[in-house]
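Read the structure below first, then the notes.
The values are calculated or read from the model by the stated rules, or taken from the named source; none is laboratory data. Just so it is clear, the model here is predicted, and its values are computed rather than measured. Don't worry about glycine lacking a Cβ; one is built from the backbone with ideal geometry, like all the others, and counts go over all protein chains shown. For accessibility, only protein heavy atoms count, side chains too; no ligands or nucleic acids. Shrake-Rupley method; radii C 1.70, N 1.55, O 1.52, S 1.80 Å.
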Amino acid sequence: QVHLVESGGGLVQAGGSLTLSCAASGSIFTSSIMGWYRQGRGNKRELVASITTEGSTNYADSVKGRFTISRDNAKNTVDLQMNSLKPEDTAVYYCNANIKQTVLSIGMNYWGQGTQVTVSS
């Protein structure tokens, strides 16, 4: 079994910063893409940022230049540094990882439970 646990959400004023962290635990052989998604009230879940094992990153246009994703392959962790936060960044943020549990298994998608980020104006 694999578990993703997020931390670091909270309430912050516009212009402030937060760092979200996610740790994957359990039976993990390797993880390929890890990333962060968010879902605001009444909205669909959307990709915020992702990062490959090699460190290639991808960002939603709305967060480019403000958010930075990073990972530690040895610890199976992924962080999201969020700067210059805006009220429209308010959402539940979910960690996501594609994980292989054995060398022969296929990669499966896992989700964290979500952490609330609220940006006040």
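Under the simplified labelling scheme, the SER17-ASN58 pair shows an inter-label distance of 2.7 nm, with each label point 7 Å from Cα along Cα→Cβ. Computed in the context of the full set of protein chains, the accessible area of the range 1-117 at 1.4 Å probe radius has 50% of its extent on carbon or sulfur. So how far apart, in nm, are the two label points at VAL103 and SER121 if each is 7 Å from Cα heading toward Cβ? About 5.7 nm, to one decimal. At the residue level, SER27 shows approximately 60 square angstrom of accessible surface with a 1.4 angstrom probe and all protein chains present.
Treating each Cα of the chain as an identical point scatterer and summing with the Debye formula, the log10 of I(q)/I(0) at q = 0.12, 0.17 Å⁻¹ comes to -0.41, -0.78.
Taking GluC sites (Glu not before Pro) across the range 1-91, the ones in a DSSP loop with at most 15 further Cβ atoms lying within 10 angstrom of their Cβ are GLU54.
Near ASP72, once Lys and Arg are set to +1 and Asp and Glu to -1 for all other residues with Cβ below 14 Å from its Cβ, the sum equals 0.
Residues within the reach of a label modelled at PHE29 (point 7 angstrom out along Cα to beta-carbon, backbone nitrogen below 17 Å), restricted to the range 96-115, are 98-110. Sorted largest first by accessible area at a 1.4 angstrom probe radius, with every protein chain in place, the residues VAL12, VAL5 fall in the order VAL5, VAL12.
The mean accessible area for residues of the range 33-121, using a 1.4 Å probe and ignoring ligands and nucleic acids, is 54 Å² per residue.
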